[in-house]
Each structure stands twice: as C-alpha cells, then as structure tokens.
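Remarks on the structure that follows.
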Amino acid sequence: MDNTARHIRENTLDTQHTKEWLRRFQRVRAMSEAICAPLQTEDYVVQSMPDVSPPKWHLAHVSWFFEAFLLTPYLKSYKTIDPAYDFLFNSYYETHGVPFPRNQRGNISRPTVADVYRFRAHIDEAMTQLLTEPSAEHIDEIMELVEIGLHHEQQHQELLVMDIKHILAQNPLHPVYRSDAAPASSAEAPALTWQRYPGGVRHIGADFGNGFVFDSETPRHRQYVTDFELADRPVTNGEFIDFIEDGGYSRTELWLSDGWHLLHKTGWQAPLYWEKHNGQWHHMTLGGLKPVDLHAPVCHVSFYEADAFANWAGARLPTEAEWEIAAADSLVDGNVPAGNFLDDQHLQPLTATVTGDRPWQMFGDVWEWTGSAYRPYPGFKKLDGSLGEYNGKFMSGQMVLRGGCCATPQDHIRATYRNFFPPHARWAFSGFRLAKDV
Ligand SMILES: [Fe+2]
C-alpha cells in the first residue's frame, strides 16, 4: 500500500463509525428542537434582557456554527441559504467577521421562525453529507470540529432553557412552559454534615486526548490545597429563607462591597423569580408559579448572595480546586453519577434522593458557585484560529461554577468542567454549597 492509499484508509471513517456520528449529531440537533416544541411563535422572538437571546436566535446561531466552521471550509458543494446569516447569527467571533450586536437580537423579527427552521434543515442535510463522505485529507479536523459543534449546541440547550424561563417569567400571567416541569416532592433534605479532605499537592484540570474537554479545562496541573471541609449537599431553600428572615439582605457586614451596592441599586430581597403570596414564598418555574420547596437546593442566586450567605453561616465558598477534588470522590467508575439533568426533564433543582457515597448532588440540580475567578490554568493555550475566541477571551470579571444543573445534558458535564458567569448573574440555575477551613 503506498503512502497515499494508507493515509486515505487510516483517515476514512468506516460505515459503523459514520453511523454513530450521524446518530449523535441527529440526537443533539433533535434535543434543541424538542426544547422549543412547547413554545408559541411569539415566545421565540422576545429578548427579555441583554443577556438573554431569543430562542429563535439560539436555534439559528448553533446552525451557523456548523456552517461557519465546518460546511463552508470543508464541504465543497455547500451553498449558504442567505449570506446575511453569517452576520446575524455570529455571536462574538470577531476574527470571523463583525458580529450583530448582542443586545439587539430581539429586534430581528426577520428571518422568521419558519425561516430559521428551514435553515436548520438545510444545515442538517449538508452536515449529513459531510459526515457520510468526509474529505479524507481533513478528517481529523472535521471530527474535532463536529465534536466542538455538538458540545456548543448542548451549551446552547441549557441557555435555551434559562432564557425561555426568563422570558416567560416577565409575564404577570405566569405562563406554563410544560405542566410536568418542576414536579412537587415530599422528600426531605438530609441534615448537613461536613466531609473532611486532607491538604497537600493535588492535581486538577484535564489534558486533551482523553475524551472531549474545552481548552479552558487544560492543562491538568498541580495545585496546593490546605485541609478543608466541604458540605455534603448544597444549601437548601429553607436554609436560605432562614438567612432572609435573619436580615441577611440588610446586614452590610455580610456583603462584598460590589454586592452591597448592587443590592441598593436593584432592591434584591430574595433569589430571582421569588415572590411572596399570603406570607409564603413562591417562585416562577417552567411549570408555572409554585410554592418554594424548602428542601430543594436554592437556585437563581448571584455569587454575591452565595458569598453573603456563607459569611452568615460562618463558612465560605469552596475554591474550584476543592470542589474538583471532592467531585472526583463522587464519580462512579470515573463517570458522572446519575442526577437531575436536562435528560430527566424536571427542569428544576429537586431534593436529593440520597444514595451512594457523599458528597451528594455534586452533579446536576444546580451549578455551584465557587470562590475562584475564571482565569487560565498554568500553561493554558487557547485553540488555534477563530475558536481561540471560544473561552480564553472571557477570562476576566467572571467566577467559576461547577457541576452542571437540571438544564445541562448529562453527557455534556465532567468533573473538570468550568462554567463561568459574572458575579451578579442570577438567571443561570446557580446555587452553592459551603466549605470551611480546618
Ligand atoms: Fe454560541
């Protein structure tokens, strides 16, 4: 076999492999549309705040990602439906072209929702062709980009759930997205106990080459931690109500200065989506307005609220290294354990069904704020080309959250996964657990 023939043979996907990729591609793409299936056309276009994107925009943008980074460069026969989409649906890739302003995405009433679904079908057809007959010359790049494209779409699935909730929550009629979402539970949260971890030089982070990871999770590196204790479950709504009733939102000594000033600007007195009716806390869920479940993890709090609560409780937030060390203990054969994820369709953090080794609920239910800033790990290198803009350029002014939530696809989360939001953000499914020095 000459070198060219060997190259082609080694770099061509066999039929079985191709089918697996196609199935995965179709499964991820179908989930995005399933999330939007309960929406009315009017819901697709609303931008309820600059951080929220209209559902229509998400559906188009994740398709644009495949067009811009895979189809245009690697499928010779590919023709775009409309060259304007390359501008309208580029999120923030400045090296690719000038993106349409983020805070104006709600003004794009055209292309219509139907046009966007046609764009998705067009991309699906072209991607099927690319995956079925990938160019042997570029097979490694193509498969790497398909993997990123699918994880990117899964990130947007969680954003879709967050944004749909925020959009519907603006409506005083409390519209129900799905009547079976946010089911009631009679379970009780277990009493909080502390798990102790010895200090020393530990390893956190990931290396490329052992399954998919984002560049921001790399490289795996040494990290010194002192002895610490971590709560075996997240803070509950009931515990957060104790904080509120103890004057938590009016005691300046508990708050970071930025958080205190924000309280005065916004008038926050409780987590996002909470409102009191007849003396009882209720909250907007994707199943409509419901009483707050005292035993479920508190959710939709900012980093500032989490930090103030920790001060009130005589504790602190864990660092991301401490969180990751503890999370490694809750893996089952190296895998993320069963939990409350997007796949479970509850779309609301629930009281833990407590089984297995502690700590519990490290994965699913709520993202957990850490006390760590989102900064590069020692030796971090961003990806080459436009995709170098994916993570690295956001490494200022944001805090790390860990563990995934009830809107995260289960096969999208890992112990090393670093999510990030600015400290004031509350519309993610964000909660927290406590840590302590020993
Ligand atoms: Fe994106």
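The values are calculated or read from the model by the stated rules, or taken from the named source; none is laboratory data. Everything numeric here is computed off the predicted structure, so don't read it as measured data. As a convention, Cβ positions derive from the backbone with ideal geometry for all residues, glycine included, and neighbour counts pool all protein chains shown. For accessibility, only protein heavy atoms count, side chains too; no ligands or nucleic acids. Shrake-Rupley method; radii C 1.70, N 1.55, O 1.52, S 1.80 Å.
Treating each Cα of the range 285-438 as an identical point scatterer and ignoring solvent, apply the Debye formula and state log10 I(q)/I(0) at q = 0.15, 0.18 Å⁻¹.
One equal scatterer on each Cα of the range 285-438 leads to -0.82, -1.16.
With Cβ to Cβ distances under 15 Å as the rule, what net charge do the other residues near E389 carry (K, R +1; D, E -1)?
+1
Select from V400, V62, V98 the residue whose mean-square fluctuation is largest in a Gaussian network model of the chain (Cα-Cα springs shorter than 10 Å).
Most flexible of the set in this elastic network: V98.
Based on DSSP loop calls and a cut-off of at most 10 other Cβ atoms within 10 Å, the longest stretch of the chain free of exposed trypsin sites (Lys or Arg not before Pro) is what? Display every interim value, and only then the final one.
Values: sites that count: K76, K79.
Result for the longest clean stretch: 80-438.
Could you name the lysines in cross-link range of K165, using Cα to Cα under 20 Å and dropping any fewer than eight places away on the same chain?
K56, K276, K290
What does the charge count around H424 come to, taking other residues whose C-beta lies under 15 Å from its C-beta (Lys +1, Arg +1, Asp -1, Glu -1)?
Values: positive: K265, R426; negative: D51, D258, E305, D307.
That works out to -2.
So if each residue of separation counts as 0.36 nm, and I subtract the Cα-Cα distance between D180 and H221, what length gain in nm does that give?
Difference between extended and current length: 10.4 nm.
List the GluC sites (Glu not before Pro) within the range 157-249 that fall in a DSSP loop (any state other than H, G, I, E or B) and whose Cβ has at most 16 other Cβ atoms within 10 Å.
Those that pass, being in a loop and sparsely packed, are E188.
Of the accessible area of the range 3-169, with the probe set at 1.4 angstrom, what percent is carbon plus sulfur?
Solvent-exposed carbon and sulfur of the range 3-169 make up 52 percent of the total.
In the range 308-392, which GluC sites (Glu not before Pro) are in a loop and have at most 14 other Cβ atoms within 10 Å, using DSSP for the loop call?
none
Taking the Cα centre of the chain as origin, work out the dipole magnitude from +1 charges on Lys and Arg Cβ and -1 charges on Asp and Glu Cβ, in debye rounded to 20.
Using Cβ point charges on Lys, Arg, Asp and Glu, the chain gives about 500 debye.
Over 41 Å apart: what share of the alpha carbon pairs of the chain falls there, rounded to a whole percent? Walk me through the intermediate numbers first.
Details: 16890 of 95703 pairs.
Summing the P(r) of the chain above 41 Å gives 18 percent of all pairs.
Express the accessible area of the chain per residue in Å², computed with a 1.4 Å probe while the remaining protein chains stay in the model.
Roughly 44 Å² per residue, with all protein chains present.
Pairs of alpha-carbon atoms within less than 8 angstrom and 6+ residues apart define the contacts here; what relative contact order does the chain have, in percent?
Answer for the chain is 18 percent.
Run down the lysines and flag those whose C-alpha is under 20 Å from the C-alpha of K393, throwing out any fewer than 8 positions away in its chain.
Cross-link targets: K381, K382.
Please report the relative contact order for the range 3-169, taking Cα pairs under 8 Å with a sequence separation of at least 6, and give it as a percent rounded to a whole number.
Relative contact order comes out at 37 percent.
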